[in-house]
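The values are calculated or read from the model by the stated rules, or taken from the named source; none is laboratory data. A quick note: this is a predicted structure, and the numbers were derived from the prediction, not measured. All Cβ positions, glycine included, derive from the backbone under ideal geometry; neighbour counts span all protein chains shown. These area figures cover heavy atoms from the full protein model, side chains too; ligands, DNA and RNA do not enter into them. Shrake-Rupley method; radii C 1.70, N 1.55, O 1.52, S 1.80 Å.
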Amino acid sequence: MKFKEFAVGLFAVIMTFLLSGCSVANLDSKDLMRPPKPTGEKAQIQHVIEQNAGGQKYTFKYPQSGEYRSAVILNDINGDGTEEAFGFYRTKGENPQTHLVIIDEVGTEEEKQWELVGEFTTALPEVTEVDFADINGDGVMEIIVGWNANSTVTNVLSVYSYINGECRQISSEEIYYDFALGDFTQSGFDSILLMNLNTAEKGAQASLYCYNDKEKKITMISSVLMDSEVARFYNVTAGKVDETGVYAAFADGITGIRYNTQVIYFDVPKFQLECHVVPGGLISEYESTNMKASTVISQDINSDGIIEIPICTKMPADTASQGLEYAGLISWCNYNTESEDVDVIRNVVTNNKGGFYYIMPDQWQGTVTAIISDDTKTMTFIEYRNGEMGNSFLALRKYSASEWIDGGDMDGYSLILKNETCAFGYKILNESSYAPKEQEVLNSFRAMGSGETAV
C-alpha cells in the first residue's frame, strides 16, 4: 500500500507540473552556475540565451542520457546545410522555468545573425534525453525531448517542430519510462515507441505514436502489454528484426531472478503492436561467470543490419566434479516473427575475468565444456558426454605483455595476438576430433572490449 500511495502521489506531482506549451520548475541555488564564456559562433548563441533570460541567473541543463549530451545542441534538422541551435537552461526565481530555446541564423547572406525563433518551457527540472527524427514525413526532423521531475520510473515526452520559421509543439505530454525511434510502421518515416514499467496507475505497456495529419500532432495508434515483472531496463536498442524490414525495439530488462529481452514490433498486416519475451539467463548464472548484463546487450554483432539477442548461461557441468569454475556461454540469437521464437546464429564461450572469448563451432554444442583456472587466466576446453568430462583438448591463456617472450619457451603455448598491455596464447593438449587447427583458433579467438583478433 505504501508503494502504491507513493506512486500515485508521484504521478500527481508530475501531472501538476505539466503546462501546455509554456511552463516551469524549481532548482537548488547551488546548481545556478554560469559556464565559462564561449567564443565565436557559440558566444553569439549564448548571448541570445542571456538576452532571453532577461538578466536572471540561469544554469544550463544537460541531457542525462542518449547521443546528445550538450546543453546547446547544433543540428541541421531541415537539411539546408545550416545548423540550428537548441538550448536548454533553467532560471531562478519564484517561478523557475526550464527552457527549450530554438535559435537560428536569420537575415541576408551578408548580414546573418543568430536569433531566437522559438521557445518552450516546462515545470519539470531535468532533461532526460534529446533526439531528432522525421515524424511526419516532410523531410524535416522534429525535436524529441524527455523531461523528468527527479523520478527514476517516470519521464515526460514532448515533440516539437520547427519549419518555415514556425515553432510548435505537436504532442501532448506523454508519460514513459523509455522510448525508441524508428520506422516501426514501415511507412518510410519515423514513429515513437513509448515503454512503461508496471506501476500503480497501469500495467507495463508499450504504445506506438505516429503523426496524425488531421490533428497535426502525434497520436497513439496501438498498444500492447509488456512483462509486468521487469523492474527496469538496462538497455533499449532499436533495429531490424530480419531481412524483411520488420523494425523493433529490443528492451533488455531485469526481473527478480533473471534477465530478459522484450521484442516489440508493429505487425503491419494486423495493424497491431506485438511484444514477445525472450528469457536471457538467470542472475545467478551471470554472477557465477562474472558476466555483467550492462555489457551483454542486444546489438548487431555481425554488421548485417539485424539485431541479435544474447541468451547467457554456463557451459555444461560435470556432476561428479566439485569446485570447478565453468566458463560462460552466450548464445546470440535472431528473433523469428513467424515462429515467435529465436534462431541461434552464434555461440561464444567467455572467460570474463581473463578478458577473452572464443566463437564455438556448432559441432561442439552439448559435447564440449570449458573451465576457468584458479588464476582466471586460462580457459580449457574438454570433451563432454552424458554429464561427464573426458579429455581436455585446447587451452587459451592470457599473459601480461612483459610475460610473453617472443621465440621463448612459453610452456607449449603459441601466440594468438599481442598488444601493448597483454598477450594471448593457445595450446593443443591432447588428440581429439574437436581439436582445432591453428587458423581456426586465430579466426575464433577474440579479446574482450576491443574485439581484437589475430586475423
Search result, residues across the range 377-405 that are β-branched (Val, Ile, Thr) and modelled with pLDDT under 95: Ile405
For the range 91-102, which residues satisfy the criterion of being more than 30 Å from the chain's Cα centre (by Cα) and either hydroxyl-bearing (Ser, Thr, Tyr) or part of a strand (DSSP E or B) (or both)? Thr91
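Among the residues of the range 428-437, is there at least one that is part of a strand (DSSP E or B), more than 20 Å from Pro316 (Cα to Cα) and modelled with pLDDT of 95 or more? So that I can check it myself, show each step before the final result.
Pass one, the range 428-437, residues part of a strand (DSSP E or B): 428.
Still in the running and more than 20 Å from Pro316 (Cα to Cα): 428.
Those left that are additionally modelled with pLDDT of 95 or more: 428.
Yes, some residue in the range 428-437 is part of a strand (DSSP E or B), more than 20 Å from Pro316 (Cα to Cα) and modelled with pLDDT of 95 or more.
Select from the range 119-135 the residues that are outside any strand (DSSP E or B) and within 15 Å of Ser161 (Cβ to Cβ) and write down the one among them that is most open to solvent (accessible area, probe 1.4 Å).
Initial filter on the range 119-135 (outside any strand (DSSP E or B)): 123-125, 134-135.
Now narrow it down to the ones that are within 15 Å of Ser161 (Cβ to Cβ): 134-135.
On the way: Asp134: 31, Ile135: 0 Å².
Out of the qualifying residues, it is Asp134.
I need a count of the residues in the range 405-422 that are more than 14 Å from Tyr357 (Cα to Cα) and open to solvent by less than 30 Å² (accessible area, probe 1.4 Å).
Taking the range 405-422 as the starting set, the residues that turn out to be more than 14 Å from Tyr357 (Cα to Cα) are 405-415, 418-422.
Subsequent filtering for residues that are open to solvent by less than 30 Å² (accessible area, probe 1.4 Å) retains 410, 422.
Residues flagged as more than 14 Å from Tyr357 (Cα to Cα) and open to solvent by less than 30 Å² (accessible area, probe 1.4 Å) within the range 405-422 amount to 2.
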Every pair of residues 6+ apart whose Cβ atoms lie under 9 Å, when the first sits in the range 164-175 and is of a type in the set (Val, Ile, Thr) and modelled with pLDDT of 90 or more while the second is surrounded by fewer than 19 Cβ atoms within 10 Å (Cβ to Cβ) and part of a strand (DSSP E or B): Ile170/Lys217
Determine, yes or no, whether Val153 is in a strand (DSSP E or B) and either within 26 Å of the chain's Cα centre (by Cα) or under 24 Å from Ala43 (Cα atoms) (or both). no
Confirm whether Ala133 is out of contact with any helix residue (DSSP H, G or I) (no Cβ under 7 Å at 6 or more places or on another chain) and of a type in the set (A, V, I, L, M). yes
Conditions (1) at pLDDT 90 or above; (2) in contact with a strand residue (DSSP E or B) (Cβ under 8 Å, 6 or more places away or on another chain); number of the one not met by Ala25: (1)
Can you work out which of the residues in the range 41-73 that are open to solvent by 10 Å² or more (accessible area, probe 1.4 Å), part of a loop (DSSP other than H, G, I, E, B) and of a type in the set (Gly, Ala, Ser) is nearest to Asn150 (Cα to Cα)? Gly66
Selection from the range 74-89 of residues that are open to solvent by less than 30 Å² (accessible area, probe 1.4 Å) and more than 18 Å from Glu50 (Cβ to Cβ): Asn75, Ile77, Glu84
So Asp375 ticks every box in (1) in contact (Cβ under 8 Å) with a residue 12 or more places away in the chain; (2) at negative phi but one. Which box is left unticked? (1)
So, Leu394, is that one open to solvent by less than 50 Å² (accessible area, probe 1.4 Å) and in contact with a Phe, Trp or Tyr (Cβ under 8 Å, 6 or more places away or on another chain) or not? yes
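Taking Ile143 as the residue in question, decide whether it is open to solvent by less than 10 Å² (accessible area, probe 1.4 Å) and not basic (Lys, Arg). Don't jump to the end; show me each part of the working.
Numbers: open to solvent by less than 10 Å² (accessible area, probe 1.4 Å): yes; not basic (Lys, Arg): yes.
Answer is yes for this residue.
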Which pairs have Cβ atoms under 8 Å, sit 6 or more apart or on different chains, and link a residue in the range 39-64 that is closer than 19 Å to Asn95 by Cβ and among the polar types (S, T, N, Q) to one that is open to solvent by less than 50 Å² (accessible area, probe 1.4 Å) and not in a helix (DSSP H, G or I)? Asn52/His99; Asn52/Val101; Gln56/Thr91; Gln56/Gly93; Thr59/Leu27; Thr59/Leu32; Thr59/Tyr89; Thr59/Arg90
Among the residues of the range 90-112, write down those that are surrounded by 12 or more Cβ atoms within 10 Å (Cβ to Cβ) and either acidic (Asp, Glu) or in contact with a helix residue (DSSP H, G or I) (Cβ under 9 Å, 6 or more places away or on another chain) (or both). Arg90, Thr91, Lys92, His99, Val101, Ile103, Asp104, Glu105
Tell me yes or no: at least one residue of the range 226-245 is at pLDDT 95 or above, in a strand (DSSP E or B), open to solvent by less than 60 Å² (accessible area, probe 1.4 Å) and in contact with a His (Cβ under 9 Å, 6 or more places away or on another chain). no
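Listed here are the residues, each with its yes/no results for (1) under 22 Å from the mean Cα position of the chain (by Cα); (2) in a strand (DSSP E or B); (3) closer than 13 Å to Ile77 by Cα.
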{"site": "Asp104", "(1), (2), (3)": "no, yes, yes"}
{"site": "Val117", "(1), (2), (3)": "no, yes, no"}
{"site": "Val140", "(1), (2), (3)": "no, no, yes"}
{"site": "Tyr160", "(1), (2), (3)": "no, yes, yes"}
{"site": "Ser171", "(1), (2), (3)": "no, no, no"}
